[in-house]
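Enquirer: This is the structure, below, for whatever I ask next.
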Ligand SMILES: [Ca+2]
Ligand SMILES: [Ca+2]
């Protein structure tokens, strides 16, 4: 009798918590199917107590995955903000703006558990970065495999967003690592968008044989998103002209000789080196452009067909409305100005909710869930 009562109680609880199937017990969600969206349409702080989170992504398992710069990777429930997995990596050396940074999951993560990270470490006392693959197995990230090593790093300008394309190439942004001589050198891994295969080999159709370089002349790109084969990056300018770029194979984006649009003394260098200019820039000041994503859901309908960009210094989210061909930005609208402090990154759920991470420090960083616009 006791057993039966307990069964009835559990069944009732399960039925109250989620939409019940007819049998009343078949409630384990299939990870391949995005769950129905049972959450109210609110703007809320989903999670508190984080320390400089750097990456947030919507996992293939319909959970939120984040990195924190001090060397931590965590999985967080989008329903209630609880942490269901967390692992610290002692091989990460956090210093200045460096540490555990970019992360992306393999498209088939649910079946193969493969996950790629970009982090800083010490190589014989030299500050460096690497791209490493892990396997998520029995609730642990195991079997590390270094795919790209010895990338120049510094206290500042480490780039380091990761993205996997539809044709299974891994794209990596790198900053100039505080050395402006490097972005214009094809032989250096710094100040580039890099492109490698998922096993770390170099694709045969890269611009230069045997070189992971895909594009050059970047200062500090900390946002990257691909939409229907158009690759966008966001990039920090020095004291003016943060940039949004469309990245084309083998192209030069100008840094340090050119900042923002080609003008004044830059014109001759631009003409001689076929510099690609940004499709959007911040003009005469910097906002500190950071995480970048694309929004096309019905939920927050005024954001449809827009790039969403978060900023650190300006402490805001910028909606960059795209043209129909998505090759240019039509307008910029500011949201959440000074509401949550510095904003590092964001992701979009299949239901059209937006999740933003802050970068304020003091173990006081949060995940904000946007299910409704102000
Ligand atoms: Ca540029
Ligand atoms: Ca310029």
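The values are calculated or read from the model by the stated rules, or taken from the named source; none is laboratory data. The structure displayed is predicted, hence computed values, not measured ones. Methodologically, a virtual Cβ is constructed for each residue, glycine included, from the backbone with ideal geometry; neighbour enumeration extends over all protein chains shown.
Enquirer: List the pairs whose first member sits in the stretch 159-178 and is more than 18 Å from residue 190 (Cβ to Cβ), whose second member is in a loop (DSSP other than H, G, I, E, B) and at pLDDT 95 or above, and whose Cβ atoms are under 8 Å apart, counting only residues at least 6 apart or on separate chains?
Expert: Final answer for the pair search is 164/106; 164/107; 164/198; 166/229; 168/107; 168/198; 169/198; 169/203.
Enquirer: Go through (1) away from ligand 2 (no atom under 16 Å from the Cβ); (2) without any contact (Cβ under 8 Å) to a residue 60 or more places away in the chain; (3) touching a strand residue (DSSP E or B) at 6+ places or on another chain (Cβ under 7 Å) and name the single condition residue 199 misses.
Expert: For residue 199, the exception is condition (3).
Enquirer: A follow-up question, please. Out of 301, 306, 316, 285, report the one residue that is away from ligand 1 (no atom under 15 Å from the Cβ), more than 24 Å from residue 348 (Cα to Cα) and at pLDDT 95 or above.
Expert: Numbers: 301 fails: more than 24 Å from residue 348 (Cα to Cα); 306 fails: more than 24 Å from residue 348 (Cα to Cα); 316 fails: more than 24 Å from residue 348 (Cα to Cα).
Every option except 285 fails the conditions.
Enquirer: Since residue 172 meets every condition but one in (1) assigned to a strand (DSSP E or B); (2) more than 21 Å from residue 242 (Cα to Cα), which condition does it not meet?
Expert: (2)
Quick grid of which residues meet (1) assigned to a strand (DSSP E or B); (2) crowded, with 23+ Cβ neighbours inside 10 Å:
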| residue | (1), (2) |
| --- | --- |
| 118 | yes, yes |
| 122 | yes, no |
| 127 | yes, no |
| 135 | yes, no |
| 145 | yes, no |
| 150 | yes, no |
| 155 | no, no |
| 159 | no, yes |
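Enquirer: Tally time: how many residues in the stretch 37-87 are in contact with a helix residue (DSSP H, G or I) (Cβ under 6 Å, 6 or more places away or on another chain) and more than 21 Å from residue 116 (Cβ to Cβ)?
Expert: Matching residues across the stretch 37-87 total 0.
Enquirer: Related question: Can you tell me which condition residue 64 does not meet? The list is (1) surrounded by fewer than 19 Cβ atoms within 10 Å (Cβ to Cβ); (2) under 24 Å from residue 299 (Cβ atoms), and all the others hold.
Expert: (1)
Enquirer: Tell me which residues, restricted to the stretch 231-251, are within 14 Å of ligand 2 (Cβ to nearest atom), over 15 Å from the mean Cα position of the chain (by Cα) and at negative phi.
Expert: Looking only at the stretch 231-251, we keep the residues that are within 14 Å of ligand 2 (Cβ to nearest atom), and these are 235, 237-243, 245.
Cutting the leftovers down to over 15 Å from the mean Cα position of the chain (by Cα) gives us 237-243, 245.
Answer for the stretch 231-251, where residues must be within 14 Å of ligand 2 (Cβ to nearest atom), over 15 Å from the mean Cα position of the chain (by Cα) and at negative phi: 237, 238, 239, 240, 242, 243, 245.
Enquirer: Continuing with the same structure: Can you say whether residue 102 is out of contact with any helix residue (DSSP H, G or I) (no Cβ under 9 Å at 6 or more places or on another chain), outside any strand (DSSP E or B), in contact (Cβ under 8 Å) with a residue 40 or more places away in the chain and surrounded by 20 or more Cβ atoms within 10 Å (Cβ to Cβ), as far as the supplied structure shows? Even if it seems obvious, please write down each step before you answer.
Expert: Working: out of contact with any helix residue (DSSP H, G or I) (no Cβ under 9 Å at 6 or more places or on another chain): yes; outside any strand (DSSP E or B): no; in contact (Cβ under 8 Å) with a residue 40 or more places away in the chain: yes; surrounded by 20 or more Cβ atoms within 10 Å (Cβ to Cβ): yes.
Answer is no for this residue.
Enquirer: Okay, next question. Give 206, 220, 179 a once-over and let me know the one that is within 16 Å of ligand 1 (Cβ to nearest atom) and in contact with a strand residue (DSSP E or B) (Cβ under 8 Å, 6 or more places away or on another chain).
Expert: Values: 206 fails: within 16 Å of ligand 1 (Cβ to nearest atom); 179 fails: within 16 Å of ligand 1 (Cβ to nearest atom).
None of the other options fit; the residue is 220.
Enquirer: Quick one: in the stretch 235-252, which of the residues that are crowded, with 24+ Cβ neighbours inside 10 Å and under 17 Å from residue 216 (Cβ atoms) is farthest from ligand 1 (Cβ to nearest atom)?
Expert: 236
Enquirer: Assess whether residue 275 counts as being near ligand 2 (Cβ under 10 Å from one of its atoms) and exposed (fewer than 14 other Cβ atoms within 10 Å of the Cβ).
Expert: On the way: near ligand 2 (Cβ under 10 Å from one of its atoms): yes; exposed (fewer than 14 other Cβ atoms within 10 Å of the Cβ): no.
No; evaluated as a whole, the condition is false for this residue.
Enquirer: Checking residue 305 against (1) on the phi > 0 side of the Ramachandran plot; (2) in contact with a helix residue (DSSP H, G or I) (Cβ under 9 Å, 6 or more places away or on another chain), only one condition comes out false. Which one?
Expert: Condition not satisfied by residue 305: (2).
Enquirer: Right, next: Within the stretch 253-280, track down each residue that is touching a residue at least 40 places away in the same chain (Cβ under 8 Å), more than 9 Å from ligand 1 (Cβ to nearest atom) and closer than 21 Å to residue 328 by Cβ.
Expert: Once the filter is applied, which keeps residues that are touching a residue at least 40 places away in the same chain (Cβ under 8 Å), more than 9 Å from ligand 1 (Cβ to nearest atom) and closer than 21 Å to residue 328 by Cβ, the stretch 253-280 yields 279, 280.
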